[in-house]
Amino acid sequence: MIRLSSLFICIIFSAVANATWFRDIPRTLTQPDGSIVQCLITGDQYVRRLHDQYNYTIILSQKDGYYYYAQQSGNEIIPSTFKVGSINPADAGLI
């Protein structure tokens, strides 16, 4: 039983040790019009999230290639109508 417990602990530890979590890595994005967006990236090797310094989520619009602040629509996160840097996202009630 002790060997089985030890094996289980080793497996769990190795899974956690292999996770590549990163937080607030600076990233520079370029909008299609040439303007620069400074943001941060947080996540791991499987899931990443772009956000600003105040933790507002930023996503790329597939329609026009611009980066927008995100908004929630049901269970989805979609681009809002506000390009990154054009507003204060707290004033717009964004996530």
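Derivation of every value follows stated rules applied to the coordinates shown; laboratory data play no part. This one's a predicted model, so the numbers in the text were calculated from it and none came from an experiment. Cβ atoms come from the backbone with ideal geometry, glycine included; neighbour counts cover every protein chain shown.
Data overview
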| quantity | calculated |
| --- | --- |
| Full-extension gain in nm, Ile78 to Thr42, via 0.36 nm per residue minus C-alpha separation | 11.1 nm |
| Computed Kirkwood radius, in angstrom, where 1/r is averaged over Cα pairs of region 19-90 | 12.7 |
| Low-density loop positions, chymotrypsin sites (Phe, Trp or Tyr not before Pro), region 47-82 - DSSP coil, at most 11 other Cβ in 10 Å | Tyr54 |
| Simple spin-label estimate for Gln62 and Ala90 in nanometres, 7 Å along Cα-Cβ | 3.4 |
| Cβ charges +1 (Lys, Arg) and -1 (Asp, Glu), total dipole of region 21-95, debye | 140 |
| Neighbourhood charge, 12 Å Cβ-Cβ cut-off, centred on Pro89 and excluding it, Lys, Arg +1 and Asp, Glu -1 | -1 |
